1. Going through the cross-link list 94/193; 91/189; 123/183; 102/140, which pairs have a Cα-Cα distance over 31 Å in this structure?
2. Output wanted: per-residue J couplings in Hz (rounded whole) for region 189-197, from phi through Karplus 6.51 cos²θ - 1.76 cosθ + 1.60, θ = phi - 60°, x for Gly and Pro.
3. With θ taken as phi - 60° and the coefficients 6.51, -1.76 and 1.60, list the Karplus ³J(HN,Hα) couplings across region 104-120 in order, rounded to whole Hz; mark glycine and proline as x.
4. Divide, for region 44-117, the radius of gyration over alpha carbons by 2.2 N^0.38 Å, where N is the residue count.
5. Under 13 Å from the Cβ of residue 177, count the other residues' Cβ atoms, weight Lys and Arg +1, Asp and Glu -1, and hand me the total.
6. For residue 65, what is the net charge nearby, where nearby means another residue's Cβ is under 12 Å from its Cβ and Lys, Arg count +1, Asp, Glu -1?
7. Stretched out fully, how many nm does the piece from residue 169 to residue 150 gain, at 0.36 nm a residue minus the Cα gap?
8. Say the dipole of region 94-198 comes from +1 at the beta carbon of Lys and Arg and -1 at that of Asp and Glu; which of 99, 173, 120 then lies farthest toward its positive end?
Amino acid sequence: MEENPRKGNIFKYIAYVLIAAAVVGFGIYFLTPKKLTATEGKNMLLFIDNQIIDIDRNLKSDMSKQDIATRLSWHKSNTSLFNEVKGSKDKVIKPKVEILEKKIIEVQTKEFPELRTAYVESKREVLDGQKINIAVSGPKQDTLTFTGELFANEKTKDAFLANIKPIIQDLRFKKVVYKWSDKDSSDYKVRAKEDAEI
């Protein structure tokens with residue numbers, strides 16, 4: 001007696017339908033924004049208010065006394081909080097998120113050019129010992145220039161860029177220029193966020 005091949009296919013299709021339904025169900029469950037409880041809403045509001053106060057305080061003060069890593073970490077924590085709350089539909093939280101967004105953009109556009117300048121100053125002495133000059137330029141201090149004979153070698157430039165790429169992206173430099181003589185140079189565009197981008 002021969003088995004009906006259609007019978008096996010039917011079970012396959014049923015299994016596919018059940019798997020697809022499960023995937024859709026999980027997607028709806030995990031991707032649908034959850035309504036905050038009253039306590040969670042108050043806590044979220046408290047976090048946002050505290051961060052707005054902290055940003056205002058930093059806008060009025062000189063943050064240059066802190067090291068670059070601490071300052072970058074602070075900016076990253078602002079971004080994390082904003083990303084966590086930006087999709088909130090809560091009527092009380094939503095206007096606070098808009099204020100937070102404006103404050104973050106304001107402090108970033110003020111702070112990142114200063115951070116880039118501070119980074120260059122912090123590396124100047126070390127690089128001088130290796131016969132490399134470092135400079136920053138541009139209206140937003142977003143062009144980083146290295147001058148030294150060793151940059152005539154393409155592999156040296158690539159290795160050097162690979163080593164500094166994470167920090168120059170975090171600091172939002174837009175371009176790195178290598179000079180190895182008065183006439184010879186090459187430059188690389190850096191894919192980094194704009195200062196006003198959260």
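A short reminder: the numbers here are calculations on the coordinates, not readings from a lab. The structure presented is a predicted model; accordingly, all values stated were derived computationally and were not measured. Cβ sites come from the backbone with ideal geometry, for glycine too, and all protein chains shown count toward neighbours.
1. Details: 94/193 24 Å; 91/189 42 Å; 123/183 25 Å; 102/140 19 Å.
Check vs 31 Å cut-off fails for 91/189.
2. 7, 10, 7, 9, 5, 6, 4, 8, 9
3. Working through the residues one at a time gives 4, 4, 4, 6, 5, 5, 7, 7, 5, x, 5, 4, 5, 5, 5, 4, 4 Hz.
4. Working: Rg = 12.6 Å, N = 74, 2.2 N^0.38 = 11.3 Å.
Ratio of Rg to 2.2 N^0.38 Å for region 44-117: 1.12.
5. Values: positive: 157, 174, 175, 179, 189; negative: 142, 184, 187.
Within the 13 Å Cβ shell, the charges total +2.
6. Working: positive: 71; negative: 62, 67, 114.
Charge balance in the 12 Å sphere: -2.
7. Numbers: separation 19, 0.36 × 19 = 6.84 nm, distance 2.31 nm.
So the chain would gain 4.5 nm between residue 169 and residue 150.
8. The Cα lying farthest towards the positive end belongs to 99.
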